[in-house]
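Student: Before I ask anything, here is the structure I am working with.
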Amino acid sequence: MYYPNDIEEVCFDQTHIDKVWDEMNKVIPNYFQKFIETEGGNTIQSNTIEKLVEKFGSTSTPKIKSKDNNKILESILKGSIKDYEQDRQVYLDILNLEALDEFKSDVNSFKNTILKNQIPIIRKILQNKQAKELDKFRSAFANSQSGHLFEVTSNIIKLAYEWSNRENNIENIDTFEDLKYRNYSDPFN
């Protein structure tokens, strides 16, 4: 299920990571500004409106209200938190070590019922047939081994529990080595 099935060795090289981060820093400010201008994708940018007016041959100038970026960002964040809170309990109920211990005896049901139908983000991706960019994920999910999905999910949850109990939390991670990653061969040991 890993996308694209293998992580290249270069992805663990700190020099490569730094180069990728530099590229991201070039794009993120523009992306963030567009995100604010479109109110999180719920409106269109004023320059797009102007292009549409011109394309349709209108002679009037569109009235564009000035926007308060702080209020827009606050609204986006509040909406995102509200959406998160609506789904949060489902994740807490299903993605915990106790529940996983029950699911390990039927990994096919875990994949095809629990992950597919009850985990909100996976359910929404699998049901959203209009978003063609998600086709690869849907295909990979459909073709993934149930046991492998269960193992990966278990590893992520164990890692989350381990990190939540660590003194050095995520704020102190600057490099891959700082992750102190270890391979979990048995998710319940």
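Student: Test Ser60 against the stated conditions and say whether it is surrounded by fewer than 11 Cβ atoms within 10 Å (Cβ to Cβ), over 19 Å from the mean Cα position of the chain (by Cα) and modelled with pLDDT of 90 or more.
Tutor: No, not satisfied.
Student: Which condition does Ile72 not pass, out of (1) within 19 Å of the chain's Cα centre (by Cα); (2) under 18 Å from Asn42 (Cβ atoms), if it passes all the others?
Tutor: Unmet for Ile72, out of (1) within 19 Å of the chain's Cα centre (by Cα); (2) under 18 Å from Asn42 (Cβ atoms): (1).
Student: Within the range 128-141, can you find the residues that are exposed (fewer than 12 other Cβ atoms within 10 Å of the Cβ) and part of a helix (DSSP H, G or I)?
Tutor: Selection gives Lys132, Glu133, Asp135, Lys136, Ser139.
Student: Also, I was wondering about something else. Hey, among the residues in the range 142-181 that are in a helix (DSSP H, G or I), within 29 Å of Thr15 (Cα to Cα) and of a type in the set (S, T, N, Q), which one's modelled with the lowest pLDDT?
Tutor: This residue is Asn172.
Student: Out of Ile44, Ile7, report the one residue that is among the aliphatic types (A, V, I, L, M), modelled with pLDDT under 80, loosely packed, with under 13 Cβ neighbours inside 10 Å and out of contact with any His (no Cβ under 9 Å at 6 or more places or on another chain).
Tutor: On inspection, the qualifying residue turns out to be Ile7.
Student: Then there is this: Please go through the range 93-127 and give me each residue that is assigned to a loop (DSSP other than H, G, I, E, B) and either closer than 13 Å to Gly147 by Cβ or outside the structural domain of Thr153 (by TED's automatic domain parsing) (or both), ordered by number. Break it down into steps so the answer makes sense when it comes.
Tutor: Taking the range 93-127 and keeping what is assigned to a loop (DSSP other than H, G, I, E, B), we get 95-96, 104-106, 119.
Within the range 93-127, Lys104, Ser105, Asp106 meet the criteria.
Student: Can you tell me which of Ile76, Ile114, Ile119 is surrounded by 11 or more Cβ atoms within 10 Å (Cβ to Cβ) and either at pLDDT below 90 or under 25 Å from Phe32 (Cα atoms) (or both)?
Tutor: Ile76
The values are calculated or read from the model by the stated rules, or taken from the named source; none is laboratory data. None of the values given here were measured: they were computed from a predicted structure. Using ideal geometry, Cβ is built from the backbone for each residue, glycine included, and neighbour counts are taken over all protein chains shown.
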